[in-house]
1. What aspartates and glutamates could a cross-link reach from Lys237, if we take a straight Cα to Cα line under 14 Å and drop same-chain neighbours fewer than 8 places away?
2. So what is the relative contact order of region 186-317, in percent, for Cα pairs below 8 Å that sit 6 or more residues apart?
3. Rounded to the nearest 500, what is the chain's calculated 222 nm mean residue ellipticity when only DSSP H runs of at least 4 contribute -39500 (n - 2.57) each, over all residues?
4. State, as an integer percentage, the relative contact order of the chain based on alpha-carbon contacts under 8 Å between residues 6 or more apart.
5. Quick check: pseudo-label points 7 Å beyond the Cα along Cα→Cβ at Arg317 and Ala92, how many nm apart are they?
6. Using +1 at the C-beta of Lys and Arg and -1 at the C-beta of Asp and Glu, which of Ala19, Ile30, Leu101 has the Cα lying farthest in the positive direction of the dipole of region 14-103?
7. Collect residues whose amide H, placed 1.01 Å from N in the peptide plane, falls under 5 Å from the amide H of Ala61; neighbours closer than 5 in sequence don't count.
8. What fraction of the DSSP beta bridges in the chain is antiparallel, stated in percent and rounded to the nearest 5?
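The values are calculated or read from the model by the stated rules, or taken from the named source; none is laboratory data. Just so it is clear, the model here is predicted, and its values are computed rather than measured. Because the Cβ atoms are built from the backbone with ideal geometry, glycine has one as well, and the counts that use them run over all protein chains shown. Remember, those area values only see protein heavy atoms, side chains included, never the ligands or the DNA or RNA. Shrake-Rupley method; radii C 1.70, N 1.55, O 1.52, S 1.80 Å.
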Amino acid sequence: MLVNSVEKAAPLPVAVIGAGYWGPNLVRNIAMNPSTSLSWVCDVDLARAERLASTYAGARAIDDVWAVLGDVDVEALAIATPPSTHAELAIAALQAGKHVLIEKPLASSIEDAEKMVAEAEANDRVLMCDHTYCYTPAVQYMRDVVHRGELGELQFIDSVRINLGIVQRDVDVVWDLAPHDLSVLDVVLPPGVGVRSVSATGADPIRSGQTCVAYLSMELDGGAIAHVHVNWLSPTKVRTMILGGSRRTLRWDDLDPTQRISIYDRGVEVSLDAEPNSPSTRQIAYRIGDMVAPALREREALSGVLDEFVASIREHRAPLTDARSGLRVLRLLDAARTSIANGGCAIPIEGWCTT
Ligand SMILES: NC(=O)c1ccc[n+]([C@@H]2O[C@H](COP(=O)([O-])OP(=O)(O)OC[C@H]3O[C@@H](n4cnc5c(N)ncnc54)[C@H](O)[C@@H]3O)[C@@H](O)[C@H]2O)c1
């Protein structure tokens, strides 16, 4: 019987850096996953690290990241600290020979992200970005459907991620929430379809000092348009993405566990008669077909993140959401920031294409 590389190897010892809001989710999954073992929980706030580590047998708490980097038994770090600290911590870890799973966004500037990509390549280590949603069964299904061409030619993408969110100190709503939508775009867009430009508008109606509501529009290769709405001020929570194609339209609703994905065989078609350039000769036809809701297994996305992290290390390959994918997401975030600061003008993106 074939045993895959993740199952047969000893568990990968991982230290978690950052025990705030998201760190505990990493800690729990690392402790539970048979292919990983939890070695350290590290936070500059030692009491916080101790509280978290004390709930898992064998995990030790520490407030000194440099001591963790010096521990030869630690093979990998999972970093869940604020984005402004990502570059320094990840580069130090890569130089110490550790593999790194880093939270989104990869870094807080493109310059830092490029240094991180270079450092991972120079040290031959895996640097993976925790683009969590890319590992949900729904997004993996969406990726397969789009890559097999079942939707036809992509015409539009509409993503909404709104709720009453925590107003962050070091990032605005675009850098906090849009990495999720943009990373999904990054893995779902078919090879060869890239983003050509980003225009964005944002507002801070509560005068918090951060953009709290934002709308991003992206022009895609082939004439399609992608739109992302992110908002910290909405009392209703919405998590939907619609992918409209020339043959079918797919709707992902992450808050509906009974029907996360719906595929509609419905759409609008334009047919042309003998004089194609005359508007009066265009025929608009509405196609009304079935809707299919595939059965998807339920699985916590972070367990898929860890499986991919370990498999990419064992198989010596890039993970699905490698640092380059993190950098592509960052280029869109950076363009959105520039656009918002300049009244919503379109910012061209050179050579942005998935692989
Ligand atoms: N993947 C997801 O769905 C998801 C969800 C939420 C947050 N995040 C990401 O996780 C990261 C952390 O976010 P959070 O909401 O948990 O932040 P947080 O502020 O709640 O926690 C960060 C923790 O890091 C600690 N810390 C800061 N600098 C440190 C250092 N140099 N060494 C050790 N510890 C340090 C802080 O003391 C704090 O406990 C961010 O990048 C955020 O975008 C990802």
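1. Here the aspartates and glutamates satisfying the reach criterion relative to Lys237 are Asp253, Asp254, Asp256.
2. That works out to 12 percent.
3. My calculation for the chain gives -10000 deg cm²/dmol from helical runs alone.
4. Relative contact order comes out at 18 percent.
5. With each label placed 7 Å out from Cα toward Cβ, I get 3.4 nm.
6. Selected residue: Ile30.
7. Excluding prolines and chain starts, which carry no amide H, the hits are Val41.
8. 60
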